[in-house]
Amino acid sequence: MLIVKELNKNFGYFQAVNNVSFEIRGGEIVSIIGTNGAGKTTLVNLISGYIKPDSGSIRFSDQDITYLSPYKRVQMGVSRSFQLIQLFEKATVLDNVRIALFSKYGMIRKAFLPADRYSSIAREAVAILDNFHLLDKKDQTPKALSEGDMKVLDVAIAFALKSKLLLLDEPTSGVATYDKFQVMDSIVSVIRKEGISSLIIEHDMDIVSGYSDRVIVMHEGQILAEGKPDEIMANKDVKAAVFGILS
Amino acid sequence: MELKRMLGNPRWVAYGIILLVLLFVPYLLPTFDLMLFEYGLTFGIVGLGFNLLLGYTGLLSFGHGAYFAAGAYAVAMMGKYLPQAFAMELLIPAALLFSLLVSIIFGFLCVRHTKIFFSILALSLSMLLFALIFKLYHLTGGSDGLRVPIPTILGMSFKGVRRPLFLTGTYYYFLLAMFTLSFLIMRGIVSSPFGKALQAIRDNEIRAELIGIRVRRYRLYAFCISGMYAGLGGALWSFVNGHVTADLSHWVFSGEIVYMTLLGGFGMLEGPVIGAMIFTYLKLYAMGNTEYWMFVIGATLIILVLLLPSGVSGAAAALWTKMRKGRKTEGVSC
Amino acid sequence: MWVIYTLNGLYFAALLFLTSLGLNIILGVMGILNLAHGSFYAIGAFMGAWTIIQIVTKAPAPLLYVSLLSGFLLAGIVGWIMEKTLIRAMYKRTLEYQLLLTFGALLLLEDLIKMVWGGQALYASAPFDRLGKVEIMGSVYPAYFLLVIAITLCVGFLIWLFMGKTRLGIMLRAISLDREMATGLGLDISRLSTLAFVLGSGLAGLAGALVIPTTPALLGIGMEPLIFAFIVVVVGGLGSLKGALVGALLVGLTRSFGIAIFPEIELPLLFLIAGIILVAKPQGLFGR
C-alpha cells in the first residue's frame, strides 16, 4: 500500500528525516514512536504532501506520489489528522464532516443549490458521526467540544475522505488521560471495520501496544527498530533511546 | 413545494415584504431622494459580491473599485464607440464580461498571496487601472471622464426623455429587478456546497487544502464572482450618474466599498446592502454639511471599527438574540 | 542624457527609499500595514513648506535646509499620537480591522491637514533655487537633487548603523524577525513598537519635506508616494530593509527611464517588472 524508500529531509543543517524506509500493507495499523524532534511529524508531513523531500521516494498504491501536491494525494486516498487540531471553527460539527464529503465527491463546484438539499451527503455525514460517537453534538461548533471529541472529529474529517491510508498525528495528545482509550477505541473500531491502513504517531506506549499491528521506532531522524509491539517493548536499544516515555 | 417552504420561513417572508415596499418607492420618494436610493442599490449589489470575498472567503481587497470601473467604463465606452448598439441587453453582458476579464487577470496575481500582500497587490493593481484610464485619455476621456447616455431597454427607446424622468420611471424597476436577481443568486451561492467550501478556506486554509479543496483556485472563483458583481454595480451606477471618471478605480473609492461592507456587517448576506444604503446617505449628509466631510467619514469609520465591529447587521442580530432570550426567560419565570 | 536620467532615477529612488523604509519598519516590527503612511509624507511636506515660508526672508541659508527637519519632527509627533491612540486599539484585532482603522486615519489626517494649512498650495522653492546647478559628466544638473541623494544616503547609513549596532535597533530587528521569541526574551514590545511607528512615520515625513523645494505642497500629495511605496514593498519583500533599498532603486530608475523614453509606459512597465518578480519570487526579492 505505502512504500517509503530512503527518504531524506533536512532544514538547513538539521537533518529531520534521515534515510527512512518502511512499508505499510493494506489494513495494517502501524505506529511510529520516538522522542520529540525524532522526525515523526516531518515524516507525516512528507507523506501527506505538506512538504517535499530532498531525496528518496514515496509510493502509494503503486504510484509515485513523492512530489504530488497535497490535494492530489487526498484524491488518491491519503488523508491525515493533525497534532494541533485543525478544524473549521465557525462551522458546525456536521458541516465539518459534510464539507469533507462534498470535496470527496467533487461537489464543491455546485454553486446554485443550497447545501442542505444534498440529503444523501447529510445522511452519510450523520452516519460517520454516529460511528465516531459524535452524533449528539452534530449542531455544535468545535468550540463547545471537549479536547477528546475535537480530536475524534479531526479524525472523522480525515476519515470522511474515504481514504485508504489514514495518517494520524498524535491522536490523543491534549486529551485527558482517562479519555485517551475511549478516543482510540472510537477511532480504531472504525478503521478496523473499514479495513483502512493507518500510520499513527504516538508518544504513549500503552496506547501504541494496545492498538497497533506493528511499531516503528524513530530516533534522531532514523529508524531505530521495527516490529510487533511486544518485541519493541522488550528491545533494550529502544528502551535506552526513548527512556522516559515508556510508561 | 419550494414556495411553501419559503412562505413558512420568516426570512423569506421578510424579503417578500421588503420587495413589495420597494416596488412602491418611486411613489414615496421625491426625485432627488430616489436617485440617491438608486445609488444605494447599485452599491448594494457591489457589496453583495464584495461580501462573498471578504465575509465568506476571508480576503480583504482595497482595490475593488477596479472592477466597478471596468463595468462602468465598459458601458461608457460602448456609448462612445458603438452608440448604435447602446442597448441594455448588450451593455449588461459587456460590463459583466469586461469586469470578469479584469478580475481574472488581477485575481490570478492576487490569490497567490494572502493577508497583507494580497491587500497591497489588490490595491496597487486598481491604481494601475486608474493610471491607465487617466493616461489613455484619447480612449477614456482621461480626467474629464466619459458621458453615459440613456440606453434602450428591451427595445424601448427613451429619446427625448430627460434623465431624471428615466431614472424615476422604467430604470428604477429595471434596477430593482437586477438587484433582486443578484441577491437571489448570491443567496444561492453562499448556501451551496461551493459557499461552504469558501468558508472552509476562510476558517482553515491548511485543512481545506488537505481536504482536497484547491484553495487558490476557489479563491480565484470567489474573486471573479465578486468582481463581476462590482462590475454590474458599476454599470448600473453609471446610468444613474450619467458620467464616469477614473476615480472609480482609485483605491480610496475602493476603501468606501470596504467601509460600506463593514458598516453593514460582513457576517450576514444582507449586511453590505444595509451598509451601502446607510453610507450613501451618510456621505451625502457629511458632504452637504461640512467641507471636512472626509474627517467625518474617517472618524465614524474609526468609531465603528472600535465599537461596532460586526456592523449594523451584527449589532442588530445580537440585539435580536438578546431580546429572544429575554422573552424566553420571561415566559419561564411565572 | 543618460547621466540625467540616472540621476533622476536616483533622486526618485532616494525619496522612495525613505518612504518605503518607514513603511517596512512599521510592517516589520508591528506587522501593521499603515494605509495612512502617505499622510505622514504630506504632513512632512506641509510642515517643511510652512517653516521655510516663515523663515525664508529672515534666516541665513543653512537654516533653510535644517528647517526641512521640521517635517520629520512633526510627522514623528503625529505618529506618536496615532500610535498611542489608534494603533494600540489594533493589536488584538484582525488584519481587516487594522486596515480599516488606518484607512479611517488617512481620511482624518487628510482633512486635518486641510484644516491646519488650508486648501491652498504652499510653494517653498528657496532651498532648491539657492543651490543652483552643477556640472556632472558634461550635463548640467540641479544641485538640490544631489543634496537629497546625499541626505538619503546618510540617513540610510544611520539607520543601518542603528539597526545593526545599537541595542535599540537590534531589539527592533529581533521583534520583526520573531515576535513571540522577542517577548520571551523580555523585550518591551509596546515601547519598541511606538519607537518603530514614530521612526517609520518620521521617515515618511522627511521624504515629504525633502521634496518640497521641487514641488508645491498640495492636498493629496502623499497619495502617489504611498502607491509607489507599496510597489517597492511588494517587490522588495515585506519588512525587509535591504528590500526597500533594492526595490526603491529598481522602481526609481525604471520610472526615470520609463518617463524619458515613453511617458505612457511608466506605470505599466513598473507593474510588469513587479509582476515578473512576484511570479518568480512570490515573497518579493528579499521577503520571508
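The values are calculated or read from the model by the stated rules, or taken from the named source; none is laboratory data. Predicted, not measured: the structure shown is a model, and the values here were computed from it. Counting neighbours? That spans all protein chains shown, and the Cβs are built from the backbone with ideal geometry, glycine included.
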Fill in the blank from the handout: Filtering helices (runs of 4 or more DSSP H) wholly in segment B:167-242 for at least 1 residues that are under 24 Å from residue A:77 (Cα atoms), aliphatic (A, V, I, L, M) and within 14 Å of chain A (Cβ to nearest Cβ) gives B:193-203, B:205-210, B:215-241
Practice task
Would you confirm whether any residue within segment B:75-92 is within 13 Å of residue B:223 (Cα to Cα) and part of a helix (DSSP H, G or I)?
Solution key: no
Exercise for the section: Answer yes or no as to whether residue B:316 is aliphatic (A, V, I, L, M) and surrounded by fewer than 20 Cβ atoms within 10 Å (Cβ to Cβ). Expected result: yes
Problem - Output for segment A:77-111, where each listed residue is surrounded by fewer than 17 Cβ atoms within 10 Å (Cβ to Cβ), under 20 Å from the mean Cα position of the chain (by Cα) and either more than 9 Å from chain B (Cβ to nearest Cβ) or under 29 Å from residue A:15 (Cβ atoms) (or both) - result: A:84
Practice task
Scan segment B:53-62 and give yes if some residue there is of a type outside the set (A, V, I, L, M), closer than 24 Å to residue B:172 by Cβ, modelled with pLDDT of 85 or more and in a helix (DSSP H, G or I), otherwise no.
Solution key: no
Practice task
Looking at (1) more than 14 Å from chain B (Cβ to nearest Cβ); (2) in a loop (DSSP other than H, G, I, E, B); (3) among the hydrophobic types (A, V, I, L, M, F, W, C), find the lone condition where residue A:17 falls short.
Solution key: (2)
Practice task
For segment A:61-75, name all the residues that are without any contact (Cβ under 8 Å) to a residue 40 or more places away in the chain and facing chain B (nearest Cβ under 10 Å).
Solution key: A:69, A:70, A:71, A:72, A:73, A:75
Handout entry: Tally, over segment C:60-113, of residues that are over 19 Å from residue C:201 (Cα atoms), assigned to a helix (DSSP H, G or I) and over 20 Å from the mean Cα position of the chain (by Cα)
Key = 7
Problem - Residue list for segment C:225-248, filter: more than 9 Å from every other protein chain (Cβ to nearest Cβ) and part of a loop (DSSP other than H, G, I, E, B) - result: C:237, C:239, C:240
Practice task
Looking for whichever is hydroxyl-bearing (Ser, Thr, Tyr) and modelled with pLDDT under 85 here; the options are A:198, A:209. Which one fits?
Solution key: A:209
Fill in the blank from the handout: Conditions (1) in a loop (DSSP other than H, G, I, E, B); (2) touching a helix residue (DSSP H, G or I) at 6+ places or on another chain (Cβ under 6 Å); (3) in contact (Cβ under 8 Å) with a residue 40 or more places away in the chain -> residue A:97 fails only (1)
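Residues are listed down the side, and each one gets a yes or a no for (1) surrounded by fewer than 17 Cβ atoms within 10 Å (Cβ to Cβ); (2) basic (Lys, Arg); (3) within 30 Å of residue B:144 (Cβ to Cβ):
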residue	(1), (2), (3)
B:249	no, no, yes
B:257	no, no, yes
B:276	no, no, yes
B:281	yes, no, yes
B:305	no, no, no
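Hey, among B:271, B:288, which residue is exposed (fewer than 12 other Cβ atoms within 10 Å of the Cβ) and at pLDDT 85 or above?
Exactly one of B:271, B:288 is exposed (fewer than 12 other Cβ atoms within 10 Å of the Cβ) and at pLDDT 85 or above, namely B:288.
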Handout entry: Residue count for segment B:130-148, restricted to those that are more than 10 Å from chain C (Cβ to nearest Cβ) and either closer than 25 Å to residue C:279 by Cα or crowded, with 20+ Cβ neighbours inside 10 Å (or both)
Key = 6
Handout entry: The lone exception for residue C:222 - which of (1) under 21 Å from residue B:250 (Cα atoms); (2) at pLDDT 80 or above; (3) within 14 Å of chain B (Cβ to nearest Cβ); (4) out of contact with any Gly (no Cβ under 6 Å at 6 or more places or on another chain) it fails
Key = (4)
Exercise for the section: Check segment B:72-93 and report whether any residue there is of a type in the set (Ser, Thr, Tyr) and modelled with pLDDT under 90. Expected result: yes
Handout entry: Within segment C:135-186, helices (runs of 4 or more DSSP H) holding 1 or more residues that are closer than 19 Å to residue C:249 by Cα and modelled with pLDDT of 85 or more
Key = C:143-165
Exercise for the section: Output the residues belonging to segment C:115-134 that are part of a helix (DSSP H, G or I) and hydrophobic (A, V, I, L, M, F, W, C). Expected result: C:115, C:116, C:117, C:126, C:128, C:131
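Please pick out the residue among B:248, B:306 that is part of a helix (DSSP H, G or I), away from chain C (no Cβ under 14 Å) and in contact with a helix residue (DSSP H, G or I) (Cβ under 9 Å, 6 or more places away or on another chain).
It is B:248.
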Exercise for the section: Starting from segment B:158-175, take each residue that is modelled with pLDDT under 80 and list its partners that are part of a helix (DSSP H, G or I), counting only C-beta distances under 6 angstrom and pairs at least six apart or across chains. Expected result: B:158/B:166
Problem - Of the criteria (1) surrounded by 13 or more Cβ atoms within 10 Å (Cβ to Cβ); (2) in contact (Cβ under 8 Å) with a residue 40 or more places away in the chain; (3) farther than 25 Å from residue B:116 by Cβ, which one residue B:12 fails - result: (2)
Exercise for the section: Identify, by number, the condition in (1) modelled with pLDDT under 85; (2) surrounded by fewer than 17 Cβ atoms within 10 Å (Cβ to Cβ); (3) part of a helix (DSSP H, G or I) that residue C:278 doesn't meet. Expected result: (2)
Exercise for the section: Identify, by number, the condition in (1) at the interface with chain C (Cβ under 10 Å from one of its Cβ atoms); (2) at pLDDT 90 or above; (3) buried (at least 24 other Cβ atoms within 10 Å of the Cβ) that residue B:266 doesn't meet. Expected result: (2)
